[in-house]
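What follows is a short report on a single structure.
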Amino acid sequence: MQGKLLLFCGPSGSGKTTIVRHLLDTDPRLAFSISATTRPKRETETDGVDYHFISVNEFKRRIDAGEFVEWEEVYKDRFYGTLRSEVDRLWRENKVVVFDVDVEGGLQLKKTFGELLLAVFVMPPSVEALHQRLTARQSETPESLKARVAKAEHELTYAFRFDRVIVNDTLEHALEEAKQVVAGFVQ
Ligand code: ADP
Ligand code: 5GP
């Protein structure tokens, strides 16, 4: 069985997780595709809820077993991937599958699922704001902060390839816009 899919992409710090969490908390038709990753768990995260946290060896075994719809080494030794089993499980529950993945992975999902998938790009108001938000989140080392901002500058050039762009300036406005996007896509 195939259902609809809703993809949120954008640079790290653009506010994807905040927007996606809000949508999931307020709309029972949606459900999150829990990715697998090899990066360490943050204190605020729960294994099996935010991600399936697995080792690099386990991740590579699953690549070889063909378990991923898409996967990327987003940062060095930091693998992230969408499990085919997640998509199938959520479709069986008649849910609209929601993804929060990086830009390359998102474009791969669009290629795979075509019109079934609506691709939304979450744009920060500026790179400076992105830098400030990542700093305030207190999740990064100086090196990882630098890597994320550098990657963001590149990712911003991909926005035009998405079906919709939401500028996350005032959070309240961005959340309202996201709700409207969902309303237009999910009947
Ligand atoms: P991403 O998932 O894209 O990496 P997050 O949702 O974690 O981004 O947001 C990055 C940080 O910025 C978080 O600390 C979040 O609370 C904060 N944030 C999100 N949206 C806004 C906004 N519109 N204004 C200010 N801070 C924001
Ligand atoms: P974070 O470490 O901040 O949770 O995520 C880092 C980046 O990896 C974000 O851009 C996030 O969207 C992306 N990401 C999360 N899950 C996946 C996935 O399954 N596939 C891909 N390609 N990227 C992912």
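The values are calculated or read from the model by the stated rules, or taken from the named source; none is laboratory data. Only a predicted model underlies this, so the values are computations on that prediction, with no experimental measurement involved. All Cβ positions, even for glycine, are placed from backbone atoms using ideal geometry, and neighbour counts span all protein chains on display. Areas reflect the complete protein model, heavy atoms only, side chains present, ligands, DNA and RNA absent. Shrake-Rupley method; radii C 1.70, N 1.55, O 1.52, S 1.80 Å.
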Out of residues 5 or more away from VAL167 or on other chains, whose amide H comes under 5 Å of its own, with H placed 1.01 Å from N in the peptide plane? MET123
Over the chain, the sum of -39500 (n - 2.57) across DSSP H runs of at least four, divided by residue number and rounded to 500 deg cm²/dmol, gives at 222 nm -13000 deg cm²/dmol
Please state the Cα pair-distance histogram of the range 57-134 with 5 angstrom bins from zero: what percent is in each bin? 3, 13, 20, 21, 18, 12, 9, 4, 0
So with the 1.4 Å probe, I'd like the accessible area per residue for the chain, rounded to whole Å². 52 Å²
Report the residues of the range 2-30 in range of a label on LYS179: point 7 Å along Cα→C-beta, backbone N strictly under 20 Å from it. 6-8, 15-30
For a label point 7 angstrom out from the Cα of ALA65 toward its Cβ, which stretches of the range 78-121 have the backbone nitrogen within less than 19 Å? 79-90
If you roll a 1.4 angstrom probe over the protein chains with everything in place, what fraction of the accessible area of the range 5-186 belongs to carbon and sulfur, to the nearest %? 50 percent
So, with points 7 Å from each Cα along the Cβ direction, the LYS146-ARG84 label distance in nm works out to 4.0 nm
Taking the inverse of the average 1/r across all pairs of different Cα atoms in the range 14-74, what Kirkwood radius in Å do you get? 13.2 Å
Number of Lys pairs in the range 71-187 with C-alpha atoms less than 28 angstrom apart, excluding same-chain neighbours closer than eight positions? 12
Label-point gap, in nm, between GLU115 and GLU153 - each point 7 angstrom along Cα→Cβ: 4.0 nm
Lys and Arg at +1, Asp and Glu at -1: add these up for the other residues within a Cβ distance under 14 Å of LEU175 and post the number. -3
Please report, in cubic angstrom per residue, the volume enclosed by the convex hull of the alpha-carbon atoms of the chain. 117 Å³
Under Karplus coefficients 6.51, -1.76 and 1.60, residue-wise ³J(HN,Hα) of the range 178-183 in Hz, glycine/proline x: 4, 4, 5, 4, 5, 4
At what distance in angstrom do the alpha carbon centres of the range 165-179 and the range 103-138 lie from each other? 13 Å
